[in-house]
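The values are calculated or read from the model by the stated rules, or taken from the named source; none is laboratory data. The shown structure was predicted, so the numbers you read here are calculated from the model rather than taken from an experiment. All Cβ positions, glycine included, derive from the backbone under ideal geometry; neighbour counts span all protein chains shown.
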Amino acid sequence: MKGGEMQMVREAVAVFQTEKDMQAAIDDLLNHGFNRAEMSLLASTEAVETKLGHRFRSVRELEDDPEAATIAYSTVEVSGAAEGAVIATLTYLGALAAFVPVVAGGGALAAALIAMGVGGGSGATIGALLARLIEKDHADYIADQLSHGGLVLWVRTWNSDDEAAAMRILKSHSGEDVHVHGVQTPSSDS
């Protein structure tokens, strides 16, 4: 296809009433060969309404709307790794900031180690606060989606076997309104 042309993409879609059920479905999909890059979730209410140009009441209005803003699925482990990286980086920077003046001033090794510990402690505190903010944002996102009727999960399917497997898995984890739809997307063959 030439650039600008559209192609039909098939997706299985489901709405979940709990994060636990949705996560169990995602874990099962991953265990059955689906890739996390093939999964997406509804974006925040603000992002969806900005993209659509109007308010919506229920996620069910959006599950088949190709214009609905979506976000890539990100695992809990990825979020945890990001939080760990934030904490580790701030700890390192705090320790380094404390260490440099001590060494530059000709302080003893013991003083340098103490300074690293003190500096690292403040960095870890900042990192822990940032991690809590990340957790709060996630909890707020889940609560917002549930207040609009549930958590929508889209799973890209490549063939009829994928469609059948995805639908079976989504239904087995309390997915509601499970179905497959086609969405027109710009061709990647530019």
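Points to keep in mind about this one:
- Condition met for residue 63 (under 17 Å from residue 144 (Cα atoms) and assigned by TED's automatic domain parsing to the domain that holds residue 152): yes
- All of 25, 37 fail the test of being out of contact with any Lys or Arg (no Cβ under 7 Å at 6 or more places or on another chain), in a helix (DSSP H, G or I), of a type in the set (A, V, I, L, M, F, W, C) and surrounded by 13 or more Cβ atoms within 10 Å (Cβ to Cβ), apart from 25.
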